[in-house]
Amino acid sequence: MANQQGDLGAALEPVVRDAVGAAGFELEQLEVQRAGRRSLVKVVVDAEKGIELDEVAGVSRAVSGVLDEHDHVLGGPYTLEVTSPGLDRPLTKPRHWRRARLRLVKVRTADETFTGRVGETSENDVQMLVGGELRQVPFDAVAHAVVEVEFKQPPPEELARLGGGSQEGAR
């Protein structure tokens, strides 16, 4: 059954990706699970600026429309779940790092694990403030990275060192 679920996801991925893209967002993940005669279609979407609740509803309508047009692929009724990635989503793409600008991130490489504040991001690496020192961290050296939850405002001197004098983006 897992293979059939993978086949369903692969068959639907291009049309779902197009619908999500037409709505102005990026498809992060598509998962199709069978539950008896019903399917659960889980769609995770994101954008550089994030996604608001009313925008999720719009994406949901767009995806529902294309799934209805391709109901022969699903072969029966389905439940659609459209969501944005959670805070615990690993940072795996440059755009994830850009969205995490000025946030505290825990990084694991082959050699070490450290926590630092995210600065400017390029397509190949990210500037981080680690232990008071600025350093460039190449994405290909990162084995795993996630945003750390902070319960208080970041220190203003850290934000200033990263070119983020205001607290904007440091949610």
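The values are calculated or read from the model by the stated rules, or taken from the named source; none is laboratory data. These figures come from a predicted structure and were not determined experimentally. Note: ideal-geometry Cβ built from the backbone for every residue, glycine included; neighbour counts use all protein chains shown. Quick note on the areas: whole protein, heavy atoms, side chains included, nothing else; ligands and nucleic acids left out. Shrake-Rupley method; radii C 1.70, N 1.55, O 1.52, S 1.80 Å.
Descriptive notes on the structure:
- 3 or more residues more than 30 Å from VAL15 (Cα to Cα) and among the hydroxyl-bearing types (Ser, Thr, Tyr): qualifying strands (runs of 3 or more DSSP E) within segment 69-137: 113-121
- The listed residue being open to solvent by 20 Å² or more (accessible area, probe 1.4 Å), touching a helix residue (DSSP H, G or I) at 6+ places or on another chain (Cβ under 8 Å) and farther than 15 Å from VAL146 by Cα, out of LEU74, LEU67, LEU80: LEU80
- Checking each residue in segment 97-141 for being acidic (Asp, Glu) and out of contact with any Phe, Trp or Tyr (no Cβ under 7 Å at 6 or more places or on another chain) picks out ASP111, GLU112, GLU120, GLU123, GLU133, ASP140.
- Filter result for GLY58 (open to solvent by 30 Å² or more (accessible area, probe 1.4 Å) and either within 25 Å of LEU12 (Cβ to Cβ) or in contact with a Ser or Thr (Cβ under 7 Å, 6 or more places away or on another chain) (or both)): no
- Tabulated pairs, segment 97-123, first in the same structural domain as GLU150 (by the TED database) and open to solvent by 10 Å² or more (accessible area, probe 1.4 Å), second outside any strand (DSSP E or B) and among the acidic types (Asp, Glu), C-beta under 7 angstrom, 6+ apart or interchain: ARG98/GLU48; ARG99/GLU48; LEU104/GLU148; LEU104/GLU150; LYS106/GLU148; THR115/GLU148
- Hey, GLU150 of a type in the set (D, E, K, R), farther than 27 Å from LEU27 by Cα and surrounded by fewer than 17 Cβ atoms within 10 Å (Cβ to Cβ) or not: yes
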